[in-house]
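The values are calculated or read from the model by the stated rules, or taken from the named source; none is laboratory data. This one's a predicted model, so the numbers in the text were calculated from it and none came from an experiment. So basically every Cβ, Gly included, is an ideal-geometry build from the backbone, and we count neighbours across all protein chains shown. Note: areas computed on protein heavy atoms with side chains; ligands, DNA, RNA excluded. Shrake-Rupley method; radii C 1.70, N 1.55, O 1.52, S 1.80 Å.
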Amino acid sequence: MDETPRANRLHIAFFGKTNAGKSSTINAITGQKIALVSDVAGTTTDPVYKSMELLPVGPVVFIDTAGLDDRTALGRARIEKTDEVVDKADIAVFVIDSTEQNTAPEQEYMKRFRAKKTPVIVAYNVFDGNEARAAAPAGEHSVVINAKTGQGIDALKEMIVRSVTDYELPSIVGDLAKEGDVVMLVMPQDIQAPKGRLILPQVQVTRDLLDKGCLVISVKTEDMVPMLEELKNPPRLVITDSQVFKYVNEHLDKTIPLTSFSMLMARYKGDIEEFVKGARAIADLKPGDKVLIAESCTHHALKGDIAREKLPNWLNKYAGGELVFENTAGHGFPNDLDEYKLIVHCGGCMVNRKNMLSKIEHAKNAGVPITNFGVAIAFLNGMLSRVSY
């Protein structure tokens, strides 16, 4: 069974009006009845996600969205859910009834994708008894299909594959480590992690290092110094949880490069330079300023939670008084960001890179500095020049 996290899969989203054949097209591509098909308009409500393998691309997630012209009572809410998918899609496939004359809704969404430099493919769906309109020939970015009979589906799949030829997620650790390097992971067992399991960034970094051919040593915080004393040669890199940055730095030779899981995720999923720039905006915070602390996943907050207790306390202390904090969880942001002086985002291990870059774009458009947990903590501890990224 493929256990690739959804956040690490290529996101291929299907858009179009109600009853254009989006669900049928996905079913034809996958050879499975993934999406519910019906003649009733508005059958697809919330986006439907299906993770699978698309050869030769690899792990992908197909997303079926509600009709762009949904006029049902819940239509507006459904369109809002579709809008969230726009920020996640690595490839956008528009399914259009081949006889349709008014494609204004589709064209509006296509403009948004082109502005994001997201590849756009148009599939003109021919229904039984209808012919494709003359203005819809197969071309570099468009193809004529019949989702019911399967005609043109192979051509559509080939077009999707061509669109992702250059798509490849970067290495999490990047050039900070190479084959044969000894890398030490200092991993306090986070209170939010389920018992008996490591948190996802720790797992992903470990796998990335093993794929690179590195020698990985994992220790708890209190075991770091004894392990360093046991090693014949010092590690080439130490990676730790941002919450214990200060302790690890104080007990580590300053010639040994140091970074954190969150710093690595900031580079892997987002724009590390923008996050560093945003962290420096912490110096401008004043008591009473409003700060948004955003997480990409939801969980039950326990005592000592990083997002609801530790970060707010550290930021209050740095600002010299009480700031106003708002916490949000999920793949989106509040509609109005103008009221915030700073956004501090989690590592983003549960969202894909496209979604994180979209969030950064929203923040920049609103003129609000954005950083992430690890980069912010490095700044608060005066360690931005010390850590590697």
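Of all residues in segment 277-299, one or more are assigned to a helix (DSSP H, G or I) and closer than 29 Å to LYS178 by Cα.
Could you check how many residues of segment 234-276 are open to solvent by 60 Å² or more (accessible area, probe 1.4 Å), part of a helix (DSSP H, G or I) and touching a residue at least 12 places away in the same chain (Cβ under 8 Å)?
2
Is there a residue in segment 52-61 that is outside any helix (DSSP H, G or I), at pLDDT 70 or above, hydrophobic (A, V, I, L, M, F, W, C) and open to solvent by 60 Å² or more (accessible area, probe 1.4 Å)? Yes: one or more hits. Looking across segment 197-211, the residues that are at pLDDT 95 or above and either more than 22 Å from the chain's Cα centre (by Cα) or among the β-branched types (Val, Ile, Thr) (or both) come down to VAL205, THR206, LEU210.
Of all residues in segment 328-354, those being assigned to a loop (DSSP other than H, G, I, E, B) and either in contact (Cβ under 8 Å) with a residue 40 or more places away in the chain or of a type outside the set (Asp, Glu) (or both) number 17. Taking the stated definitions as given, is LEU357 of a type outside the set (Gly, Ala, Ser), part of a loop (DSSP other than H, G, I, E, B), open to solvent by 10 Å² or more (accessible area, probe 1.4 Å) and within 16 Å of VAL276 (Cα to Cα)? No. Listed by first and then second residue, the pairs with beta-carbon distance under 9 Å, at least 6 apart or on different chains, first residue in segment 194-215 and within 23 Å of LEU231 (Cα to Cα), second at pLDDT 95 or above and loosely packed, with under 12 Cβ neighbours inside 10 Å, are LYS212/GLU179; GLY213/GLU179; GLY213/GLY180; CYS214/GLU179; CYS214/GLY180; LEU215/GLY180. Give the residues of segment 202-220 that are in a helix (DSSP H, G or I), open to solvent by 20 Å² or more (accessible area, probe 1.4 Å) and in contact with a Ser or Thr (Cβ under 9 Å, 6 or more places away or on another chain), sorted by residue number. Within segment 202-220, THR206, ASP208, ASP211, LYS212 meet the criteria.
In the set LYS317, LYS341, LYS364, only one residue is in contact with an Asp or Glu (Cβ under 7 Å, 6 or more places away or on another chain) and modelled with pLDDT of 90 or more; that residue is LYS341. When segment 62-108 is filtered for residues that are assigned to a helix (DSSP H, G or I) and open to solvent by 20 Å² or more (accessible area, probe 1.4 Å), the ones remaining, listed by number, are ARG76, ALA77, ARG78, GLU80, LYS81, ASP83, GLU84, ALA104, PRO105, GLN107, GLU108.
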